[in-house]
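The structure appears right after this line, and notes come after that.
The values are calculated or read from the model by the stated rules, or taken from the named source; none is laboratory data. Quantities reported herein were computed from a predicted structural model and do not represent experimental measurements. Note: ideal-geometry Cβ built from the backbone for every residue, glycine included; neighbour counts use all protein chains shown.
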Amino acid sequence: MKRISHLSVAGIVAALVVTSQVAVTFAAGPEVTTPDGRPVVWTDWLEEHGPVAVLFWASWVPEADATLDTLGTIAAAARKRDLDVILVVVQESLGEAQKALEGTEIRWLHDRYGHLLKSNRVVSIPRILVISGDGTVIEQLDVKPESIRAWGGG
């Protein structure tokens, strides 16, 4: 009986140590990369650039090209609401993202494994999230200029 009790206590202590290490690792927010591959902590980037309209996008999504075609109109609508637009390329390699966006003047970041999707509970892309400088999701919007124009915030 003592042995089981001792093992249980050891397991709980180990779980607490692992949990506290994970909490410290993610306390600053997930990392994304710039188009040239430099790592950036998302929360630091938001603090400097927020609030923003974040457009989650991937080249493999059926609407990918149509979304890029309307990005200028979306950005113009966002600017009228005092928001900048940042494209966050998710769940594809950096090389594929660079290839897909080559020659465009779109400002973007890369989130290889979709950490931002998961942490913000985005279930389908493309999708726009209006996010404050402190990382608070203010609104989820359809990827249409009308969605930003009709948004009640800001």
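A few notes on this one:
- Scanning segment 61-98 for residues that are in contact with a His (Cβ under 6 Å, 6 or more places away or on another chain) and surrounded by 21 or more Cβ atoms within 10 Å (Cβ to Cβ) returns VAL89, ALA97.
- Scanning segment 17-46 for residues that are of a type in the set (Val, Ile, Thr) and at pLDDT 50 or above gives VAL32, THR33, THR34, VAL40, VAL41, THR43.
- Within segment 101-154, the set of residues being free of Cβ contacts under 8 Å to residues at least 24 places away in the same chain and touching a helix residue (DSSP H, G or I) at 6+ places or on another chain (Cβ under 6 Å) is empty.
- Subset of segment 120-148 [loosely packed, with under 15 Cβ neighbours inside 10 Å and out of contact with any Leu (no Cβ under 7 Å at 6 or more places or on another chain)]: ARG121, VAL123, SER124, SER132, ASP134, THR136, ASP142, GLU146
- All positions within segment 83-100 that are among the hydrophobic types (A, V, I, L, M, F, W, C) and touching a Ser or Thr at 6+ places or on another chain (Cβ under 8 Å): VAL89, LEU94, ALA97, ALA100
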